[in-house]
Amino acid sequence: MTTPVNAARSATGNAVIGDLQAALPEGRVIIDPDVARSLSRDQAAGAPAGEPAAVVRARSTEEVRRVVEICLRHRAPVVARGAGTGLSGGANAIDGCVVLSLEGMSEILSINPLERLAVIQPGVVNDDLRAAVAEHGLWYPPDPASSPWSTLGGNVATNAGGVCCVKYGVTREYVLELEMVTGSAEVVRIGRRTAKGVAGYDLVGLLVGSEGTLGIVTEITVRLRSLPSAPITVAGFFPSLVTAGAAVRAVGAAGITPSALELMDRFCLQAVDDWKRMGLTAAGEVLLLARVDDAEPTGTTLADAIVELFRDSGASWAERSSDLDEADALFAARRLAYPALERLGPVIT
């Protein structure tokens, strides 16, 4: 039965869709319910998601501005999304909203090796940016586990970190300037592209991690670093979380800052084993992984020191990689952890 509230909502939705179709190029506005539903949520298990009135696949800042302007006029909610790899429900639709997909805004606009910065659109995939700047001997450090698929716009929205944040920090440390569309449909720029910028409020720091609640990011300027040396991975199996914790403490007490330090308990190891048959659970209850990317010969010295600290703390087995392929293989289990756990499905109580 159609209630007056539902009828009003439907009328508003039709008006929004009509205005969007009139204002945007053909094909931008998607109203097919099955397609819209597939773009209405991220990877947050159990987070509620509503039914959007439409999905818009924007290709420019001006198109984003038009969408916000139309939705503002009709008082229709806007939910921005990137690749939908987030785990917080921030990209989930609410009933009657317009989902604004930014995946199509995927250009690397410029790379400046002298100033060590890159200007990108929000739909650029994290690993694609890394590959592009690596050609200039540069590196973008934030590396969430979803880096092969997640977009920089989503990384900015969630202040993504990744395994390298132990040494290099999270997304907020690397965003210099943002172009964004505000809730009043204005295009503004905040931040700066200079090494020093101390005047005024840190609006960039406020926006990064705000999950799209303060504006929709349409362009990002990020700081880059020099490409680090080939990493060395140290892996250690421990009989308990307590002994693994002692190893972490020992590494810190020794004044060593690895570029990554990750722990997987038996539950995670079992999930990966059930999926990929890697034999991890046969080696111990807890796997501790450390990564060192200091230039040689310091890198090898630090990696050997971590191996000894692991062993002294109670590791049943601890070794370091001898080449890049082995280093990546040792860390593969960590990157498989979330998809392996996801395969188990929701817990039903």
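Values in this text are rule-based calculations from the coordinates and carry no lab data. This is a predicted model, so every value here is computed, not measured. Quick reminder, even Gly has a Cβ in these numbers, built from the backbone with ideal geometry, and neighbours come from all protein chains shown.
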> For the range 68-97 and the range 123-147, what is the separation of their C-alpha centers, rounded to whole Å?
Replying inline: 26
> Counting Lys and Arg as +1 and Asp and Glu as -1, what is the net charge of the other residues whose Cβ lies under 11 Å from the Cβ of residue 86?
Replying inline: 0
> Gaussian network model of the chain, Cα springs within a sub-10 Å range: biggest mean-square fluctuation belongs to which of 183, 252, 104?
Replying inline: 252
>> Tell me which of 79, 13, 137 sits at the most positive position along the dipole axis of the chain, charges placed on C-beta atoms (Lys, Arg +1; Asp, Glu -1).
In response: 13
>> How high is the relative contact order of the range 232-342? Use alpha-carbon pairs under 8 Å, at least six apart in sequence, and give a whole percent.
In response: 46
>> Using a 7 Å offset from Cα along Cα-Cβ at residue 282, what residues in the range 245-274 end up with backbone N under 17 Å from the label point?
In response: 269-274
> Using a Gaussian network model of the chain with C-alpha springs under 10 Å, which one of 72, 114, 289 is most mobile by mean-square fluctuation?
Replying inline: 114
>> What is the sum of charges, Lys and Arg at +1 and Asp and Glu at -1, for the other residues whose Cβ falls under 15 Å from the Cβ of residue 230?
In response: -4
> Counting Lys and Arg as +1 and Asp and Glu as -1, each charge on the Cβ, what is the dipole of the range 4-101 about the Cα centre in debye, to the nearest 20?
Replying inline: 160
>> Using amide H atoms built in the peptide plane, which far-off residues or other-chain residues are under 5 Å from residue 286 H to H?
In response: 238, 240
> What ³J(HN,Hα) values, in whole Hz, does the Karplus curve 6.51 cos²θ - 1.76 cosθ + 1.60 give for the range 85-99 when θ = phi - 60°, with x put for Gly and Pro?
Replying inline: 8, x, 10, 10, x, x, 9, 6, 6, 10, 3, x, 7, 10, 7
> Looking at the range 4-101, what % of its DSSP beta bridges pair antiparallel, to the nearest 5?
Replying inline: 20
>> In whole Hz and in residue order, list the ³J(HN,Hα) couplings for the range 159-166 that follow from phi through the Karplus curve 6.51 cos²θ - 1.76 cosθ + 1.60, θ = phi - 60°; x for Gly and Pro.
In response: 6, 4, x, x, 5, 7, 5, 4
>> From Cα pairs below 8 angstrom and at least 6 apart in sequence, can you work out the relative contact order of the range 1-103, rounded to a whole percent?
In response: 33
>> Using the crude model of +1 on Lys and Arg Cβ and -1 on Asp and Glu Cβ, and no other charge, please compute the dipole size for the chain relative to its Cα centre, in debye to 20.
In response: 780
>> Given the options 162, 240, 22, identify the residue whose Cα lies farthest towards the positive end of the charge dipole of the chain (+1 on Cβ of Lys, Arg; -1 on Cβ of Asp, Glu).
In response: 22
>> Give me a comma-separated list of calculated 3J(HN,Hα) values for the range 126-140, in order, Karplus coefficients 6.51, -1.76, 1.60 applied at θ = phi - 60°, integers in Hz, x for any Gly or Pro.
In response: 3, 5, 5, 5, 4, 5, 5, 6, 4, 5, 9, x, 10, 8, 10
> With contacts defined as alpha carbon pairs under 8 Å and 6 or more residues apart, what's the relative contact order of the chain in percent?
Replying inline: 14
>> Taking loop as defined by DSSP and a crowding limit of 12 other beta carbons within 10 Å, which trypsin sites (Lys or Arg not before Pro) in the range 138-229 fit?
In response: 196
> Using modelled amide H (1.01 Å from N, peptide plane; none on Pro or chain starts), what sits under 5 Å from the amide H of residue 177, excluding residues fewer than 5 places away?
Replying inline: 192, 221
>> Check which residues have an amide H placed less than 5 Å from residue 260's amide H, if you skip close sequence neighbours.
In response: 291
> What residue among 140, 201, 174 has the largest mean-square fluctuation in a Gaussian network model of the chain, using Cα springs under 10 Å?
Replying inline: 201
> How would you order 49-57, 29-37 from highest to lowest mean count of nearby Cβ atoms within 10 Å?
Replying inline: 49-57, 29-37
> Highest mean first, what order results for 205-214, 91-100 on Cβ atoms within 10 Å?
Replying inline: 91-100, 205-214
